[in-house]
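Asks: My questions will all concern the structure given below.
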Amino acid sequence: MLVSALDPGRTGERNAMDLFARIAVTDLPRAIAWGDALFGAVESFAPNDVEHVWTLEAHLHVYAELLPEHAGHSSVTLFVDDYGAFLAGAESRGLAPSSVEVYENGVRKALFHDPDGNEVGIGGAPPGAED
């Protein structure tokens, strides 16, 4: 029987948790500059000399870690409330998506690639369906 991580005791209550999505990189200062351009003015911190964390929302973090042997193989997708505003903000900071996809249901996804080749996808609801 599988036990849910969200409710391991099956009490009907959720465990508090944070999500940390890792992006493996070869050059931490370069990764920090790229992440700052993508994510904009969000809270960030360096827990040690090989990691940098961006806090995108409460309990939701993306972090770059100096792991040259794994760089270029990370893939993270974030679904945002205001897709257009996110893309405009990234463009104003010098980043444009490598490609943009639109699915049959109208959901949009912009793909960004860091200098190591890692992929960060930004998804958004169909036009007119955003909150």
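Asks: Quick one: how many residues across segment 81-94 are surrounded by 17 or more Cβ atoms within 10 Å (Cβ to Cβ), within 28 Å of residue 70 (Cα to Cα) and not small (Gly, Ala, Ser)?
Replies: 2
Asks: If we scan segment 14-27, do we find a residue that is surrounded by 14 or more Cβ atoms within 10 Å (Cβ to Cβ) and without any contact (Cβ under 8 Å) to a residue 24 or more places away in the chain?
Replies: No: segment 14-27 contains no residue that is surrounded by 14 or more Cβ atoms within 10 Å (Cβ to Cβ) and without any contact (Cβ under 8 Å) to a residue 24 or more places away in the chain.
Asks: Is it the case that segment 56-72 has a residue that's at pLDDT 95 or above, loosely packed, with under 11 Cβ neighbours inside 10 Å and over 16 Å from the mean Cα position of the chain (by Cα)?
Replies: Checking segment 56-72: at least one residue is at pLDDT 95 or above, loosely packed, with under 11 Cβ neighbours inside 10 Å and over 16 Å from the mean Cα position of the chain (by Cα).
Asks: Answer with yes or no whether residue 67 is farther than 24 Å from residue 16 by Cα and touching a residue at least 60 places away in the same chain (Cβ under 8 Å).
Replies: no
Asks: Residues in segment 93-101: is at least one in contact with a strand residue (DSSP E or B) (Cβ under 7 Å, 6 or more places away or on another chain) and basic (Lys, Arg)?
Replies: No, there is no match, as no residue in segment 93-101 is in contact with a strand residue (DSSP E or B) (Cβ under 7 Å, 6 or more places away or on another chain) and basic (Lys, Arg).
Asks: Output the number of residues of segment 18-76 satisfying the condition of being in contact with a His (Cβ under 6 Å, 6 or more places away or on another chain), farther than 22 Å from residue 97 by Cα and not small (Gly, Ala, Ser).
Replies: 2
Asks: Those residues that are at pLDDT 95 or above and more than 13 Å from the chain's Cα centre (by Cα), I need them from segment 33-42; list them, please.
Replies: 33
The values are calculated or read from the model by the stated rules, or taken from the named source; none is laboratory data. Just so it is clear, the structure is predicted and the values come from calculations on it, not from any experiment. FYI the Cβ positions are ideal-geometry reconstructions off the backbone, even for glycines, and counts take in every protein chain you see.
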